[in-house]
Amino acid sequence: MDLVTREDAIRLITEASKTYIARNHSAPRTIITVGGTAMAMRRLRERSQDIDLFHPDSAFSAIALDLAARAHIELDVTNRTNLWGNIEVADIEADAEVVERLEIEGFGIEIAAISPETLFVIKASSMREKDRDDLPLLLPATTPKRVMARADALISTLNDSFLAGEAVINMILELQIVTLELATPDWFLDAPRLSTQYRTLLLEYFGVELRSTKHPRCR
């Protein structure tokens, strides 16, 4: 199966939106791209193995799946906010940024992409080799400080303390690998929950000593 491009994703979304409008006489809600498709929409990579979408309307999802099957394109569309993993992105619509606007049959259609920070957190937590390969491509669009701030919000949704701790460790390890730098207290300036809950872990595993659990700063 051929890899799909940004243009392939836009083409599929356009055709699915046309069919949706014809059937419902209204436009679908903002179509949110996730995974590799979000990276392609943000021009952080050229192609992905499939098209990854989030949309809450099952009617739109069914249309998109039918069109993808006819075009022999692999499509993964979900209305679940855990995005194929343990971490829930409950604020996905607020997190996503509109990256393309289409005009179809007099209706404005928005295509959005989840943030580089959310992508980094999810991919670093997945432990899949193909996701780890994407991390260096994401870093030019963000910073360790912004990634840890996003992790502060997302990892707090995990009810399993072991999984949460493992996610924090993986996050920092991957950031160190792609930045070729050791973690510093500055990374956690906007991550008060992680700084409080994992203060001992950060010191023991990474030698990061936080002066304050509320406003961590270098000594």
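The values are calculated or read from the model by the stated rules, or taken from the named source; none is laboratory data. Nothing here was measured: the structure is a model prediction, and the numbers come from that model. Neighbour counts run over all protein chains shown; Cβ positions are idealised from the backbone, glycine included. Surface areas here come from the heavy atoms of the whole protein model, side chains and all, with no ligands, DNA or RNA. Shrake-Rupley method; radii C 1.70, N 1.55, O 1.52, S 1.80 Å.
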TODO: Please report, as a whole percent, how much of the solvent-accessible surface of the chain comes from carbon and sulfur atoms (probe radius 1.4 Å).
DONE: 48 percent
Open item on the list: Using amide H atoms built in the peptide plane, which far-off residues or other-chain residues are under 5 Å from Val77 H to H?
Closed with: Leu53
Open item on the list: Which residues does the label zone of Asp186 cover in region 138-161, counting backbone N under 11 Å from a point 7 Å along Cα→Cβ?
Closed with: 144-145
Open item on the list: Compute the angle between helix 161-179 and the longest alpha-carbon principal axis of the chain, please, reported from 0 to 90 degrees and rounded to the nearest 10.
Closed with: 90 degrees
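Once you order the gyration tensor axes a ≥ b ≥ c over the Cα atoms, which shape class does region 36-121 get: rounded for a/c under 1.5, otherwise prolate or oblate by comparing a/b with b/c?
Numbers: a/c = 1.33, a/b = 1.23, b/c = 1.09.
Cα axes put region 36-121 in the rounded bin.
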Task: In sequence order, calculated HN-Hα J values of region 149-156 (Karplus, 6.51, -1.76, 1.60; Hz; x Gly/Pro) - done: 5, 5, 4, 4, 7, 6, 5, 5
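Evaluate E = 1/(1 + (r/R0)^6) for Thr143 and Glu7, where r is the Cβ-Cβ distance and R0 equals 30 Å; express this FRET efficiency to the nearest 0.05. List each step's numbers first, then the result.
Numbers: r = 29 Å, r/R0 = 0.98.
Efficiency, from the Cβ-Cβ distance: 0.55.
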TODO: Calculate the dipole size of region 21-108 relative to its Cα centre from +1 charges on Lys and Arg beta carbons and -1 charges on Asp and Glu beta carbons; express the result in debye to the nearest 20.
DONE: 180 debye
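How much accessible area per residue does the chain have, in Å², with a 1.4 Å probe?
Numbers: 11090 Å² over 219 residues.
With all protein chains present, the chain gives 51 Å² per residue.
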Task: region 32-44 - phi-based ³J(HN,Hα) in whole Hz, Karplus 6.51/-1.76/1.60, Gly and Pro as x - done: 9, 8, 10, x, x, 5, 4, 5, 5, 5, 8, 6, 8
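Per residue, how much space in cubic angstrom lies within the convex hull of the C-alpha atoms of the chain? Before the final figure, lay out each step's value.
Numbers: hull volume 25.7 nm³, N = 219.
So the per-residue Cα hull volume is 118 Å³.
How would you rank 133-141, 49-57, highest first, on the average number of other Cβ atoms within 10 Å across their residues? The partial results should precede the final answer.
Numbers: 133-141: 16.3, 49-57: 20.6.
Highest to lowest by the protection proxy: 49-57, 133-141.
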